[in-house]
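Scroll down for the structure; my scribbles are underneath it.
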Amino acid sequence: MMFIGVIGAFFFLLFTIIRKIHGHLASSLAFACGQCLLWQTVFYLLGNFGYQYSNFPNLPLISEGKLSIIFNMLLLGMIFSAYRFDHVIEEPVNYKPIIS
């Protein structure tokens with residue numbers, strides 16, 4: 001139960017960071033990456049409790065496996081990159097796209 005609490009605290013902190021992103025594109029990218037990590041964790045925990053729906057998934061950021069570690073670190077890197085470079089390009093208030 002303590003392990004599930006630590007994982008829950010990690011995702012609470014992660015989605016708190018994602019909610020602080022102001023740019024539309026950056027926040028949607030970070031939210032999608034966070035959802036990938038969250039659902040991978042949910043399916044892993046359900047598989048451990050006996051509800052296995054398909055191949056057993058990896059636990060993000062912990063399970064061994066070269067490709068899964070690279071993929072999960074890439075997702076986490078995109079989240080923190082979107083958070084860090086949120087205000088690089090400010091969106092104008094009265095912006096109207098030009099359709100050619």
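The values are calculated or read from the model by the stated rules, or taken from the named source; none is laboratory data. Computed from a prediction, not measured in an experiment: that's the story for all the values here. Positions of Cβ are backbone-derived with ideal geometry, glycine not excepted, and every protein chain shown enters the neighbour counts. Areas reflect the complete protein model, heavy atoms only, side chains present, ligands, DNA and RNA absent. Shrake-Rupley method; radii C 1.70, N 1.55, O 1.52, S 1.80 Å.
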Of the residues in the stretch 75-98, those that are open to solvent by 60 Å² or more (accessible area, probe 1.4 Å), modelled with pLDDT under 75 and in contact with a Lys or Arg (Cβ under 9 Å, 6 or more places away or on another chain) number 0
Any residue at all in the stretch 57-74 that is open to solvent by 80 Å² or more (accessible area, probe 1.4 Å), charged (D, E, K, R) and modelled with pLDDT of 80 or more?
no
